[in-house]
Amino acid sequence: IMINIIQRRIQKTLSKLTQKEPQDNGDFAKRIIYRHKVFWSDADAELVRNSPLYEGITIEQLKSTKHWQRKLSNKYNARVFAQKFGCRVPQLYWKGRDLKELSFRNLPDQYVIRPTIGHSCKMVFLMDKHMNHMDSCFYSDEQLKDVMQETLDKNSHQEFLIEEFLRSEKGEYKIPVDYKLSLFNGELAVIDVINRMSPKTGLSSCYDENWNMIECIGKQYQRSAYQAPPACLPEIINWGKKLSKAYEIFVRIDFYATDKGAVFGEFTPTPGKGNGFTPEADIMLLNYWDKFCCGQI
């Protein structure tokens, strides 16, 4: 009997430890949560997101759909949009769903696999001679296809992109540093620099437009010491503001600093689905929203 009591107490303690703490969301976070609900609760949401943009489409045609920014949550569409404003994007080697048409023999030794729908680096492979930098594991071509097919089978809209593995400013093949810009209709609030070690771990430091270090805006990553700005910082800021002005509403835009200069990554309209911001960041970002995107979703 005593053993059973002890076991129940242990299970109760473990249950409490594994329960997620309730989110104490501020007003900025609540707006993101509301936007996520509006964007993705429509019956046609996935059709809007995954209707591929063609290179000849005009900005006016693109914006003819309600909440048109949803289209840019598709990673391929985001590439096309960024290129319209002169942004550098990774070279595209392959795009599609039919893995029978994919030949790894035609790829260079280094390449990136990522889904057109997704977040938080899920199903992203940074391949370097069969080794994935994201998990330091080796994959055969067949294993990669099997993993990709499992993802495709779960979502009829999903596709995969195989792109250039961007090198660092020093010419290294490694997990790239993320420069995440929070922007409000052309106004830059903060640059969150993520030195990622895996899909879920990394170090974070935040800077203003003049590269003054400020308090980190998120809770997910450990704090990093100050680091020097990338050589292509002016490019990152200039392109970020251009894309933000065209995007119109609040958005986070990711860039990479490479040996070719700044390279566009992706748009994130609902970062963390509203979760993970510090109380101070919530107030700061809310003020930017009210000043530069007042009345917008």
Taking protein heavy atoms only, a 1.4 Å probe, and rounding to whole percent, the accessible area of the stretch 24-75 owed to carbon and sulfur comes out at 52 percent
Rounded to the nearest Å, the spacing of the alpha-carbon centers of the stretch 71-99 and the stretch 262-297 is 23 Å
Quick calc, the chain, dipole around Cα centre from Cβ unit charges on Lys, Arg (+) and Asp, Glu (-), nearest 20 debye, gives 700 debye
Contour minus Cα-Cα span, TYR93 to ASN212, at 0.36 nm per residue, comes to 39.0 nm
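For the stretch 153-250, what does the accessible surface come to per residue with a 1.4 Å probe? Please give it in Å². Walk me through the numbers on the way to the answer.
Numbers: 4540 Å² over 98 residues.
Solvent-accessible surface per residue comes out at 46 Å².
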Taking r as the C-beta separation of TRP40 and ILE283 and R0 as 35 Å, the FRET efficiency to the nearest 0.05 is 0.85
Distance in nm between TRP68 and LYS291 label points, each 7 Å along Cα→Cβ, equals 2.8 nm
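Would you mind calculating the relative contact order of the stretch 80-170 from Cα pairs under 8 angstrom and at least 6 residues apart, reporting the percent as a whole number? Write out the running numbers ahead of the final one.
On the way: 114 pairs, mean separation 36.1, N = 91.
With pairs under 8 Å counted, the relative contact order is 40 percent.
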Rounded to one decimal in nm, the spacing of the 7 Å Cα→Cβ label points at HIS157 and SER51 is 1.2 nm
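List, in the order given, every pair from LYS154/LYS241; LYS241/LYS273; LYS30/LYS260 whose Cα-Cα distance in the structure shown is over 29 Å. Show your work: numbers first, answer last.
Working: LYS154/LYS241 36 Å; LYS241/LYS273 23 Å; LYS30/LYS260 38 Å.
Pairs exceeding the cut-off: LYS154/LYS241; LYS30/LYS260.
Could you work out what % of the accessible surface of the stretch 122-278 is carbon and sulfur, using a 1.4 angstrom probe and leaving DNA, RNA and ligands out of the count?
Numbers: 3360 of 6950 Å².
Roughly 48 percent, rounded to a whole number.
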Between [x] 43; [y] 20; [z] 35, the structure-derived percent of Cα pairs over 36 Å apart is [y]
Quick calc: nm separation of the 7 Å Cα→Cβ label points for ALA228 and ASP128 -> 2.1 nm
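I need the calculated FRET efficiency for the pair GLN143 and LYS273, taking r as the beta carbon distance and R₀ as 22 Å, to the nearest 0.05. Provide the component values of the computation, followed by the final result.
On the way: r = 31 Å, r/R0 = 1.41.
E(calc), rounded to 0.05, equals 0.10.
Using a Förster distance of 35 Å, how high is the FRET efficiency between LYS30 and GLU101, based on the Cβ-Cβ distance and rounded to 0.05?
On the way: r = 44 Å, r/R0 = 1.27.
With R0 = 35 Å, the Cβ-Cβ based efficiency is 0.20.
The values are calculated or read from the model by the stated rules, or taken from the named source; none is laboratory data. Keep in mind that what you see is a predicted model, and the values were worked out from it rather than measured. Virtual Cβ from ideal backbone geometry, glycine too; neighbours counted across all protein chains shown. SASA here: full protein model, heavy atoms, side chains in, ligands and nucleic acids out. Shrake-Rupley method; radii C 1.70, N 1.55, O 1.52, S 1.80 Å.
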